[in-house]
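Quick notes on the structure that follows.
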Amino acid sequence: MVEFAVVLPVMLLILAGIIEFGRIGSLGLRIAHAARVGAQYGSLNPPDDFTLSDWSRLCEQRVRESLAAQPDIDPGRVTVQCMHIPGSPLGRAHVEVQYSFSLLMGWTTAPGSLTIQRVAVLPVIR
């Protein structure tokens, strides 16, 4: 019983760490997918037909729509930046998505929240 009482807190701490890393990894994949959705929209719809601000707004709207369908994502914590980078022969759609993530556990050596950032860049198809 004494050995179990000594080992149990360590095992629970390891389990909590595994859960936190799993949550961070899962959220990172969902944020990366949303960035790819925005970059795909930006690459298939170049800003030739829109003003650049309308293009950025529509690209951001696609990213936010993709994240709205995801569970446990607070839209108020999402920051989206869509940029068109002109180039020769093709331009690029550059989408950066950031999410402020709160940890479940109050770790003493870790911050209370992390910023998860993912970037997707695709060439513009004309």
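The values are calculated or read from the model by the stated rules, or taken from the named source; none is laboratory data. Just so it is clear, the model here is predicted, and its values are computed rather than measured. Please note: Cβ atoms are built from the backbone with ideal geometry, for glycine as well, and neighbour counts cover all protein chains shown.
Working only within the range 36-90, note down all residues that are aliphatic (A, V, I, L, M), exposed (fewer than 14 other Cβ atoms within 10 Å of the Cβ), modelled with pLDDT of 85 or more and in a helix (DSSP H, G or I).
If the condition is that a residue be aliphatic (A, V, I, L, M), exposed (fewer than 14 other Cβ atoms within 10 Å of the Cβ), modelled with pLDDT of 85 or more and in a helix (DSSP H, G or I), then Leu44, Ala68 are the ones that fit.
Select from the range 1-47 the residues that are out of contact with any helix residue (DSSP H, G or I) (no Cβ under 6 Å at 6 or more places or on another chain) and hydroxyl-bearing (Ser, Thr, Tyr) and list them in ascending order.
Ser26, Ser43
Does Gly28 satisfy the condition of being closer than 16 Å to Thr115 by Cα, without any contact (Cβ under 8 Å) to a residue 12 or more places away in the chain, out of contact with any Cys (no Cβ under 6 Å at 6 or more places or on another chain) and not acidic (Asp, Glu)?
no
Find the residue count for the range 37-84, including only residues that are among the β-branched types (Val, Ile, Thr) and over 30 Å from Arg23 (Cα atoms).
Within the range 37-84, residues that are among the β-branched types (Val, Ile, Thr) and over 30 Å from Arg23 (Cα atoms) number 1.
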